Amino acid sequence: MELEPVIGFEVHTELKTNTKVWCGCPTTFGAPVNTQTCPVCLGMPGSLPVLNERAFDISLQVATALNCEIPPETDFDRKNYYYPDLPKNYQISQQYRPLGREGWLDIDLGEKGTKRIGIDNIHLEEDAGKNIHPDGATHVDYSLIDLNRAGTPLLEIVSKPEIRTKPEAEAYMKGMKALLEYLDASDCKMEEGRLRFELNISLRPKGGTELGQKVEIKNLNSISVVMKCIDHEIERQTEVLEEGGIVEGETRLWDEVKQVTRSMRKKETSFDYRYFPDPDLVTMTVSEERKRNIANSLPELPLAKRARFVEQYGIPDYDAGVLTASLQMAEYFEAAILAHNNAKALSNWMMTEMIRRLNEMGEDASAADFPVRPQALAELVRLIDDNTITGKIAKKVYPLMVETGKMPAVIVEEQGLKPIDDSAMEPIVQKVLDENPKMVEDIKAGKMKAIGGLMGQVMRATGGKANPQTVQSLIKKLCGVE
């Protein structure tokens with residue numbers, strides 16, 4: 001029996017606010033432990049929360065961008081559980097009347113077009129603190145707690161179980177990350193825990209309609225790790241089912257060392273959390289005017305920007321999709337094209353050399369931090385277009401731009417990479433012709449393909465410094481076939 005995965009996601013993203021969601025403590029990453037706390041985020045008796053309105057507005061923006069129904073009233077509830085990093089022993093969240101329901105995200109599947117993935121709900125809650133386990137310490141049976149992160153505004157976006165393949169899962173995660181970045185809702189730095197995925201996955205007979213038993217894998221802060229989890233869970237659950245077993249509903253964690261998921265605990269239900277309305281917080285109303293203002297404040301989103309890039313710059317849809325997959329990449333491209341208007345050449349360099357190096361730098365690497373600035377790339381393309389350097393020389397210059405951050409014209413000068421003057425080219429071409437009489441005869445006989453072989457030899461002889469058009473013209477001239 002052929003099985004198919006059924007995948008859904010809970011996306012948790014820390015919102016880009018200066019202060020926490022229920023108090024005025026800062027949200028600066030990397031501050032000394034337990035220095036960004038107060039009686040409210042420490043859960044001290046008698047302290048009362050006050051909602052950060054900026055966090056609420058950002059949440060409404062995300063809900064609007066994801067086409068959610070935003071109710072006129074929304075409430076906050078207490079989610080009760082007992083972990084050391086949760087100082088109140090409950091988390092202020094939203095269960096019964098979240099701020100957004102029944103939305104969708106259209107994901108890009110390349111040649112297969114787009115697919116609409118439903119959003120079940122969006123709700124605003126607070127993040128927990130952080131457990132610190134002494135690294136390498138011997139005879140230690142304790143952990144430490146840093147509550148700097150406790151109370152940071154955390155938006156949870158719950159998808160419907162409508163993802164069926166790994167490419168769809170990857171497209172959903174990348175699409176959601178891009179949307180949050182475009183909205184400036186979060187910086188989405190996964191290595192800092194600003195964006196985390198919880199994967200829900202089950203198997204069922206292919207083409208079936210009933211859902212299998214869901215397994216949840218929590219706190220995944222890397223898209224590549226999520227993809228590994230999907231592979232492992234499909235393999236693990238398939239083995240269980242084929243042997244006549246039953247997949248247990250549980251929460252699992254990813255073991256990076258063993259490259260497997262492992263059981264953490266049996267899956268809780270909403271009943272286990274004993275949700276009830278938070279008595280310290282009032283109902284929030286969302287007027288129609290506020291909804292309109294939020295909708296009008298939305299920036300140009302990825303799919304709209306992609307369509308504009310195709311129309312405005314005349315690049316292929318595929319190129320536009322790659323360039324708009326992140327806001328930083330799209331802004332880099334437009335800054336470069338302002339400096340030199342050759343959209344396709346700029347796109348080619350970005351989609352090959354730049355993206356390859358960004359991938360080597362890690363998943364959180366951003367075009368905003370790339371050592372080659374847009375104006376430098378534009379200058380490199382202009383040097384090629386002006387026949388100041390050849391494409392082969394440009395390939396030598398670009399790595400030095402990445403390494404040093406210098407402008408290409410400076411590198412060309414320092415490295416002696418200026419093209420050979422046209423007047424000095426004829427003796428070099430003649431020498432190559434003299435060494436290849438058979439190819440010369442072929443050209444004279446009308447076999448023009450031989451020109452390519454001779455051009456290659458000339459380019460090698462000049463270290464790529466010769467202008468290809470000049471070389472081709474000289475070969476024809478000296479062979480008498482001009």
* To do: Rounded to the nearest 10 degrees, what's the angle between the helix 425-434 long axis and the longest principal axis of the chain, both from Cα atoms, 0 to 90?
  => 70 degrees
* To do: Note down the relative contact order for the stretch 300-415 as a percent, whole number, built from C-alpha pairs under 8 angstrom at least six residues apart.
  => 21 percent
* Enter the angle in degrees (range 0 to 90, nearest 10) between the Cα long axis of helix 223-242 and the first principal axis of the Cα atoms of the chain, meaning the one along which they spread out most. => 60 degrees
* Would you mind getting me the FRET efficiency between His133 and Arg262? Use the beta-carbon distance for r and R0 = 25 Å, nearest 0.05. => 0.90
* Output ³J(HN,Hα) for the stretch 161-168: one whole-Hz value per residue in order, computed from phi by the Karplus curve 6.51 cos²θ - 1.76 cosθ + 1.60 with θ = phi - 60°, and x for Gly and Pro. => x, 10, 9, 10, 9, 4, x, 5
* Could you list Trp254, Trp22 in order of exposure, starting from the residue whose Cβ has the fewest other Cβ atoms within 10 Å? => Trp254, Trp22
* Asked: How do His139, His340 rank when sorted from fewest to most other Cβ atoms within 10 Å of their own Cβ?
  -> His139, His340
* Structure fact -> Note on the chain: contact order normalised by length, alpha-carbon pairs under 8 Å, 6 or more apart, percent, works out to 14 percent
* Asked: Normalised by the residues of the stretch 281-345, what does the relative contact order come to in percent, with Cα pairs under 8 Å and at least six apart?
  -> 25 percent
* Under DSSP loop assignment and at most 10 Cβ neighbours within 10 Å, longest trypsin sites (Lys or Arg not before Pro)-free interval of the chain -> 1-257
* Asked: Length gain on complete extension for the stretch Glu289 to Lys444, per 0.36 nm per residue less the alpha carbon to alpha carbon distance?
  -> 47.9 nm
* To do: Starting from the amide H of Gly100, placed 1.01 Å from N in the peptide plane, find each other amide H under 5 Å away whose residue is 5 or more places distant or on another chain.
  => Ile122
* **Fewest-first sequence of Leu99, Leu3 by Cβ atoms within 10 Å of each Cβ** => Leu3, Leu99
* Asked: Once a ≥ b ≥ c are taken as the square roots of the eigenvalues of the Cα gyration tensor of the stretch 248-308, is the result rounded (a/c under 1.5), prolate (a/b larger than b/c) or oblate (a/b not larger than b/c)?
  -> oblate
* **Cβ-based net charge around Asn342, under 9 Å, with every Lys or Arg adding one and every Asp or Glu removing one** => +1
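Bear in mind that the values in this text are calculations on the coordinates, not laboratory data. All figures in this text were calculated on a predicted structure; none of them were measured in a lab. With ideal geometry, Cβ positions are generated from the backbone for all residues, glycine too; neighbour counts draw on all protein chains shown.
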